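Trainee: Let me give you the structure first, and then I'll get to my questions.
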Amino acid sequence: MAAEAVRCVEDAAKQDQMRALVFGGQRRWSLSKAPQNIWATYAAATGTAMKKWRSCTYSRTHKKAIEADRTLGFNMGVNATPTIFVGNRKLVGAVPYRDLAAAVRTQLK
């Protein structure tokens with residue numbers, strides 16, 4: 001699972017890199033029969049300690065937290081990424097900057 005692959009990268013800066021690689025490569029790994037091999041390549045590219053990363057992903061260390069995040073999103077009506085909440089307003093998909101800025105300005109009033 002991609003979320004596990006990202007969470008198993010322990011260093012915060014490296015985790016940001018991993019997240020960018022996973023999202024940027026989604027088309028590639030989502031069509032793969034072995035996406036974990038692609039994620040491992042990404043993790044190695046960030047300089048992550050691979051033995052520790054593999055242990056973490058195989059043991060599903062973050063499974064409960066990921067399931068809790070998924071449940072929370074479902075309960076909030078999230079069914080697509082990105083979904084951004086500004087106050088009570090839900091913005092779904094690739095929202096143009098001007099729309100996001102307008103929602104924030106409205107919320108700040």
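The values are calculated or read from the model by the stated rules, or taken from the named source; none is laboratory data. These figures come from a predicted structure and were not determined experimentally. Positions of Cβ are generated from backbone atoms using ideal geometry, with glycine treated the same way; all protein chains shown enter the neighbour counts.
Trainee: Can you confirm whether ALA5 is more than 21 Å from PRO82 (Cα to Cα) and either at pLDDT below 95 or of a type in the set (Gly, Ala, Ser) (or both)?
Mentor: Numbers: more than 21 Å from PRO82 (Cα to Cα): no; either at pLDDT below 95 or of a type in the set (Gly, Ala, Ser) (or both): yes.
Answer is no for this residue.
Trainee: In this structure, is THR81 over 18 Å from VAL9 (Cβ atoms), outside any helix (DSSP H, G or I) and within 17 Å of the chain's Cα centre (by Cα)?
Mentor: Answer is yes for this residue.
Trainee: Would you point out the residue of segment 21-48, among those that are hydrophobic (A, V, I, L, M, F, W, C) and out of contact with any helix residue (DSSP H, G or I) (no Cβ under 9 Å at 6 or more places or on another chain), that is nearest to GLU4 (Cα to Cα)? Lay out the reasoning, then the answer.
Mentor: Taking segment 21-48 as the starting set, the residues that turn out to be hydrophobic (A, V, I, L, M, F, W, C) are 21-23, 29, 31, 34, 38-40, 43-45.
Checking the rest, the ones that are also out of contact with any helix residue (DSSP H, G or I) (no Cβ under 9 Å at 6 or more places or on another chain) come to 31, 34.
Numbers: LEU31: 18, ALA34: 15 Å.
Per the criteria, the residue is ALA34.
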